[in-house]
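Contents: one structure, followed by commentary.
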Amino acid sequence: MKQTPAPRSLPASIDATLDLLATADYLADRSLATVLFLALKMGRPLFLEGEAGVGKTEIAKVLSSTLGRRLIRLQCYEGLDVAAAVYEWNYAAQMIAIRVAEAEGAHDRGRLESDVFSERFLIKRPLLQALEPDPAGAPVLLIDELDRADEAFEAFLLEVLADFAVTVPELGTVKAAQPPIVVITSNRTREIHDALKRRCLYHWVGYPNAERELKIVRAKVPGIGKALSEQVVHFVQALRKEDMFKAPGVAETLDWAAALTELDAVALDPATVSDTLGVLLKYQDDIARIEGSKAKELLDDVRAQLRAAE
Amino acid sequence: MAEQSGRLAENIVYFARALRAAGIPVGPGAVLDALAAVDAAGVGTRDDFYWTLHAVFVKRHEHSVLFEQAFRIFFRRRGYLDQLLASMLPQTPGKEEETPKPGAQRVQEALLSGLAETERPKPDVEVDARLTVSDREVLQRKDFAQMSAAEIAAAKDAIKRLVLSLDEVKTRRLAPHRHGHLIDIRRTLRASLKAGGAVIDLKYLGPRTKSPPIVALLDISGSMSQYTRLFLHFLHAVTDARKRVHTFLFGTRLTNVTRALKAKDPDEALAACSANVADWSGGTRIATSLHAFNKLWARRVLTQGAIVLLITDGLERDPDDRLAFEIDRLHRSCRRLIWLNPLLRFSGFEAKAKGIRTMVPHVDELRPIHNLESMAGLVQALSERGARAGDPKAWLEKVA
């Protein structure tokens with residue numbers, strides 16, 4: 001178990017939500033804080049959509065650490081089924097139990113069955129874990145990249161999110177005494193069904209503006225200089241305005257800033273930009289477009305812009 | 001205060017109605033949620049109020065713009081929110097800028113024209129569907145472009161009756177299977193318990209199969225105009241049968257009409273399509289449209305082994321390198337790219353136009369689609385795996 005601070009009560013207002021996130025260096029904008037506050041207050045799942053690398057998953061992690069709740073993560077993938085998401089029986093142990101019962105000469109079939117399908121042999125997967133009571137308060141359930149799972153799983157999730165209960169045929173229904181804090185993220189590689197979204201509070205997490213991104217970079221990359229951080233942020237912001245196949249997210253900005261700090265750069269120059277572009281852009285076509293003269297052009301614009309601001 | 005919150009509730013109800021008129025699906029449940037949310041958040045600043053309602057009413061990123069416009073117009077016109085907020089806050093909200101934003105037109109129309117939009121009367125077309133066998137045969141071979149209104153109606157009927165056999169791909173999901181390759185321990189154990197654990201009768205799991213998604217990109221430019229309506233009927237029939245079908249129309253720009261085509265009634269679906277599209281029968285910008293598709297949609301709809309049907313005559317207005325680049329990217333991101341070209345109806349068709357020559361090397365199959373017979377052929381091809389009937393290289397060789 002990770003070391004977690006003492007459990008804290010849920011924030012009482014939008015401002016308190018903002019402050020709570022800020023204590024873990026998550027600088028949210030007010031719209032996100034509003035949705036988050038409402039989700040916590042109304043006990044509804046929070047559905048976050050947005051491009052990759054804008055900090056969707058991070059919200060759940062920050063919530064768990066600041067509220068002192070346990071984080072339960074369910075990473076979705078195609079073919080995700082009940083055995084991997086909810087529960088599975090420990091078959092090997094069951095087999096042994098059956099053999100032992102046989103060796104002892106037990107022939108009561110009903111008792112054998114109720115013994116074998118008892119909680120002792122149940123392996124709990126994330127969704128079932130999330131429904132269990134926790135002394136620190138209801139856990140944070142992160143259902144990550146729901147768009148990767150197939151429609152069948154989505155339909156199942158609908159049932160779980162409606163009444164926070166799961167039925168194990170052999171054991172009965174497990175219902176959460178206190179519903180978990182649910183955060184669902186999606187990269188929108190496919191459309192999630194409306195029925196599921198209807199049960200959630202929806203928010204599109206966009207790219208931050210330059211001012212906020214600068215704060216994020218300075219909070220997350222401590223060793224970075226003032227000039228470099230400004231140039232990095234403005235360069236990335238300019239890059240997002242270009243017609244990219246995949247624009248860089250905040251995660252890429254942070255990676256880039258960290259990489260440049262490691263290289264002991266104090267300011268951006270065209271050569272460094274071209275050399276480290278792979279940290280920022282992940283498609284060869286995008287890199288080929290920006291490398292060289294285009295990078296220099298963007299950089300000149302950024303410098304001029306920063307000089308004008310001074 | 002009680003009276004004020006009563007008026008606020010009333011306003012939220014009216015606002016929800018306005019959103020519905022602007023095209024955001026808002027159910028009565030969402031209205032109740034909104035009331036609860038406003039209650040929970042408390043009426044603070046205009047911004048908080050905005051995002052509170054946004055959290056409840058907006059369920060799709062595209063609706064954000066509509067919501068913003070609706071919010072501005074609604075609460076400006078009624079002026080209620082400002083009064084309410086002004087009475088609770090020392091400062092009054094700042095002035096709004098007056099530049100029109102995308103979506104403003106649509107919302108403004110929806111809000112101001114009221115709900116009195118009259119439905120256009122449907123033209124009464126009497127169709128004599130009792131065709132003789134030979135009539136039907138003629139119909140099968142007749143080019144869509146040369147059909148009379150009655151024949152088109154009969155063709156639509158025939159399209160409705162096309163049997164769509166299902167091409168299936170393996171998914172990662174497992175299902176009970178008689179000859180599967182994995183042991184289903186759960187079922188095995190349960191079955192063996194029935195016999196008291198004495199006999200272990202193995203049960204198996206195998207991959208579940210599913211028909212792959214189909215993505216259709218339909219050219220609606222002027223040169224294709226005689227075909228587009230029937231193709232839409234065809235796509236509607238496919239949508240109805242296959243469920244996972246995405247349809248995009250393009251002329252000078254790309255429009256997603258998947259939702260419109262989901263309507264059960266084909267005429268209703270087509271009417272909804274036409275309402276969505278602004279560039280019927282204009283020019284073609286294939287490269288631009290493909291670029292938009294690759295950038296905005298490819299990663300969202302081309303999953304799980306999707307088949308792409310590209311329906312165009314390939315007569316690009318300004319062919320350049322971009323076309324080759326975009327079609328190549330499209331080809332690389334789907335399982336099978338089938339180009340349906342009505343121009344292939346001419347037996348002497350040669351891939352001479354530059355746009356066509358650019359695109360042919362990048363498609364898996366090039367097929368004609370100009371009459372019912374070729375449509376049936378396409379359906380056949382969709383259900384076969386790796387059919388090489390429409391090998392595009394043959395068309396290139398013809399010219400070389």
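What follows draws every value from the coordinates through simple rules; no lab data is involved. As the structure is a computational prediction, the values presented were derived from the model and not from experiment. No Cβ is skipped: glycine too gets one built from the backbone with ideal geometry, and neighbour counts run over all protein chains shown.
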Between the modelled labels at B:ASN11 and A:ARG198 (7 Å from Cα along Cα→Cβ) the distance in nm is 2.8 nm
Förster radius 41 Å - calculated FRET efficiency between A:LYS226 and A:ALA155, Cβ distance, rounded to 0.05:
0.20
For the stretch B:194-307, share of DSSP beta bridges that run antiparallel, in % to the nearest 5
30 percent
Quantify how much of the Cα-Cα distance distribution of the stretch B:221-361 extends past 21 Å, in percent.
42 percent
What FRET efficiency would be calculated for the residue pair A:ASP163, A:ARG120, taking the C-beta separation as r and a Förster radius of 25 Å, to the nearest 0.05?
0.40
Exercise: per-residue mean of other protein chain Cβ atoms within 10 Å, B:52-62
6
With a 20 Å threshold on alpha-carbon distance, the violating pairs from B:LYS210/B:LYS243; B:LYS156/B:LYS262; A:LYS241/A:LYS282; A:LYS61/A:LYS220; A:LYS175/B:LYS203; A:LYS241/B:LYS295 are A:LYS175/B:LYS203
Once you place label points 7 Å from the Cα toward the Cβ at B:LYS262 and B:ALA353, how far apart are they in nm?
3.4 nm
Select from A:GLU159, A:GLU113, A:GLU213 the residue whose mean-square fluctuation is largest in a Gaussian network model of chain A (Cα-Cα springs shorter than 10 Å).
A:GLU113
Does anything in the stretch A:116-152 have its amide N under 20 Å from the 7 Å Cα→Cβ label point of A:VAL100, and if so which residues?
A:116-124
So how far, in whole Å, is the C-alpha centre of the stretch A:50-92 from the one of the stretch A:143-187?
11 Å
Starting from 0.36 nm per residue, how many nanometres of slack lie between A:LEU10 and A:ASP108 once their C-alpha separation is accounted for?
30.2 nm
Roughly what % antiparallel, to the nearest 5, for the DSSP beta bridges in the stretch A:28-175?
60 percent
May I ask you to derive the relative contact order of chain A, considering only C-alpha pairs under 8 Å and at least 6 residues apart, and to give it as an integer percent?
21 percent
Given contacts defined as C-alpha pairs under 8 Å and at least six residues apart, what's the relative contact order of the stretch A:37-162, whole-number percent?
39 percent
Partner chain Cβ atoms within 10 Å, averaged over the residues of A:31-44 - can you pull that number for me?
5
